[in-house]
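Below you'll find the structure, written out as structure tokens, and then a few comments.
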Amino acid sequence: MTFAMTRPVRLDLESFARATGLHPDMVRRLVALGLLDAKRDRNGELWFAPAEVAAAARLQRLRAGRLAVVEHVWDPTPLELMVLGMRS
């Protein structure tokens, strides 16, 4: 049996924020709301899978109002609306 001797691909908070164009504080808020998935290491630092970049892009499109139809299938909480910069 053989094992790959490479580390899993993941992005730290700063790299993720840079890749998505989001401020690190906004990324932290989106993680706290459960809108982005991140793992914490022993030091409490956030780490993101590369697929979360696409999830962040979807959230940015929602925030820009390009997917207004989502309001018909997703009933956001007032806190989610506030974080996404949308009005109810």
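Structure summary
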{"quantity": "Tally of residues being part of a loop (DSSP other than H, G, I, E, B) and either in contact with a Lys or Arg (Cβ under 6 Å, 6 or more places away or on another chain) or among the acidic types (Asp, Glu) (or both) across segment 37-48", "calculated": "3"}
{"quantity": "Top-ranked residue in segment 18-43 [being over 13 Å from Val83 (Cα atoms) and among the hydrophobic types (A, V, I, L, M, F, W, C); ranked as surrounded by the most Cβ atoms within 10 Å (Cβ to Cβ)]", "calculated": "Ala38"}
{"quantity": "Segment 38-88 - residue that is out of contact with any helix residue (DSSP H, G or I) (no Cβ under 6 Å at 6 or more places or on another chain) and on the phi > 0 side of the Ramachandran plot and, of those, modelled with the highest pLDDT", "calculated": "Gly44"}
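The values are calculated or read from the model by the stated rules, or taken from the named source; none is laboratory data. It should be emphasised that the depicted structure is a prediction, and the values quoted were computed from it without experimental measurement. Glycine gets a Cβ as well: all are built from the backbone with ideal geometry, and neighbour counts include every protein chain shown.
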